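Colleague: Structure provided below as structure tokens; questions to follow.
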Amino acid sequence: METRLLPTDPKDALHESVREAVRILEGGDVVALPTETVYGLAGDVTSPDAINRIFEAKERPAFDPLIVHLPKRDQLGEVADVEPALEKPLRRLMEAFWPGPLTFILPKQPSVSDAITAGLPTVAVRMSSHPVIKRVLHELGRPLAAPSANRFGRISPTSAAAAQEELQGRIPLILDGGACSAGLESTIIRLEAAEPKPIIHILRQGPVTADQLKKFGKIAKKKKPRRETDAEAAATDTSPQPPMEAPGQTASHYAPRTPFRLLTSPADFSPEAGKRYALLSYRGEAKDGYLDLADFEEISILSPGSGKVPEAAVRLFFLMRQLDQLGVDEIIAEPVPEHGIGAAIMERLRRAAAEPRQSA
Ligand code: TXA
Ligand code: MG
């Protein structure tokens, strides 16, 4: 299949490209398009063909449910059924963060297919602020299922070129909206009714941080993992696993093909003779102690400016992809400060460094 790449700039091009995307979506096929977090692979929620095609193109296992994107806030009721006790806290959160990178897990309406939710009684819902997906949703008038536009277990695309790398030949169309402004997948939360404040369970860390959310409820403590990593659990445990709260959150979810190691301090690492290394550095500063640890083939800097962790978030997946293409023996990553969106970056780096999960 030929995959076309259409521009969304200037305005005339946007108009034409959106029209073409809507035509394809109305025909039950899929389109990759930009959101403010990462590129998504979109299909009409009401089309079983489109939903199948998303799973096929991504090689995504059927147990991993999709996020649904709404055209308008007041269409929430078409896909989710909110319990009365949660209506007010949900509305406050939606007003504060939608459109934006926050996804809610809510009880689903019966009309939402089991294929979308992987048989779960809940559905993941968000509303993106990106003008391109907003236009497509507006013209289509129906919600779109849109997971990240990468093949299963691989790094999410944050540019049209990265989406092409992932899905070339598998889908008919990619809309090119340039680089994504947040660079990491949306924060996913579940709300639990409680007085005086709801409890907010953060299932996936992302651009909306715990600090921003704590005004709106009590942030639940994370459950302790049974072992160091999911990967270790999978490797050593053959007993049936309990259902995961966010099923896509398997340990190896952001895996580059090149072995990837996350350091906690420069003392963690000494190079092996004859091996070729690349470094993913936070600030690229010698005083941090990482730059001279080896004769690195390449040093990529997450935050070369004064942008700190938000700048690092925008560049993370782009640089991980670049380093993965060098063909070095191992990519070494510096830790980043774990505040604000830094926590979400560290979560992605830990997952990238985890051994592949055998069952996925
Ligand atoms: O920023 C984002 O959220 C991007 C853009 C394209 O919207 N999408 C995205 O989708 O990251 P995806 O499918 O790659 O990640 C969605 C995550 C998966 O880990 C999935 O398991 C989880 O959301 N999820 C979906 N439905 C769920 C549900 N009902 N309960 C728990 N987790 C769910
Ligand atoms: Mg994904």
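The values are calculated or read from the model by the stated rules, or taken from the named source; none is laboratory data. The structure presented is a predicted model; accordingly, all values stated were derived computationally and were not measured. A quick note on method: Cβ atoms are made from the backbone with ideal geometry, for glycine too, and the neighbour counts reach across all protein chains shown.
Colleague: What pairs can you find where one residue is in region 345-359 and closer than 14 Å to I332 by Cα, the other is modelled with pLDDT under 95 and assigned to a helix (DSSP H, G or I), and their Cβ atoms are less than 8 Å apart, with a gap of 6+ or different chains?
Modeller: From residues that are closer than 14 Å to I332 by Cα, the pairs are A354/D230; A354/A231.
Colleague: While we're here: Test E195 against the stated conditions and say whether it is of a type in the set (D, E, K, R) and over 14 Å from the mean Cα position of the chain (by Cα).
Modeller: Taking the combined requirement at face value, the residue satisfies it.
Colleague: Right, L86: within 19 Å of P48 (Cα to Cα) and away from ligand 2 (no atom under 16 Å from the Cβ) or not?
Modeller: no
Colleague: Quick test for you: out of F216, F260, pick the one residue that is modelled with pLDDT of 90 or more, in the same structural domain as R321 (by TED's automatic domain parsing), of a type outside the set (D, E) and away from ligand 1 (no atom under 16 Å from the Cβ).
Modeller: F260
Colleague: Right, here's the next one. Name the single residue that is nearest to the chain's Cα centre (by Cα) among those in region 96-124 being within 9 Å of ligand 1 (Cβ to nearest atom) and of a type in the set (V, I, T).
Modeller: T103
Colleague: Residues in region 112-125 that are within 23 Å of F216 (Cα to Cα) and crowded, with 23+ Cβ neighbours inside 10 Å: how many?
Modeller: Within region 112-125, residues that are within 23 Å of F216 (Cα to Cα) and crowded, with 23+ Cβ neighbours inside 10 Å number 3.
Colleague: Residues that are surrounded by fewer than 21 Cβ atoms within 10 Å (Cβ to Cβ): list the helices (runs of 4 or more DSSP H) wholly contained in region 1-111 that include at least 3 such residues.
Modeller: Result: 11-26, 48-58, 84-97.
Colleague: Within region 274-290, identify whether any single residue is within 30 Å of A96 (Cβ to Cβ) and either at pLDDT 95 or above or not assigned by TED's automatic domain parsing to the domain that holds P61 (or both), and answer yes or no.
Modeller: yes
Colleague: Follow-up. Could we say that E16 is in the same structural domain as S148 (by TED's automatic domain parsing), within 18 Å of S148 (Cα to Cα) and away from ligand 1 (no atom under 12 Å from the Cβ) here?
Modeller: no
Colleague: Listed residues E311, E334, E347; which is of a type in the set (D, E, K, R) and farther than 25 Å from A149 by Cβ?
Modeller: E334
Colleague: Also, I was wondering about something else. For region 287-326, enumerate the residues that are more than 25 Å from the chain's Cα centre (by Cα), part of a loop (DSSP other than H, G, I, E, B) and not aliphatic (A, V, I, L, M).
Modeller: G289, Y290, D292, D295, F296, E297
Colleague: Also: Hey, could you check region 289-323 for residues that are out of contact with any Phe, Trp or Tyr (no Cβ under 7 Å at 6 or more places or on another chain) and of a type in the set (D, E, K, R) and say which is farthest from G340 (Cα to Cα)?
Modeller: D295
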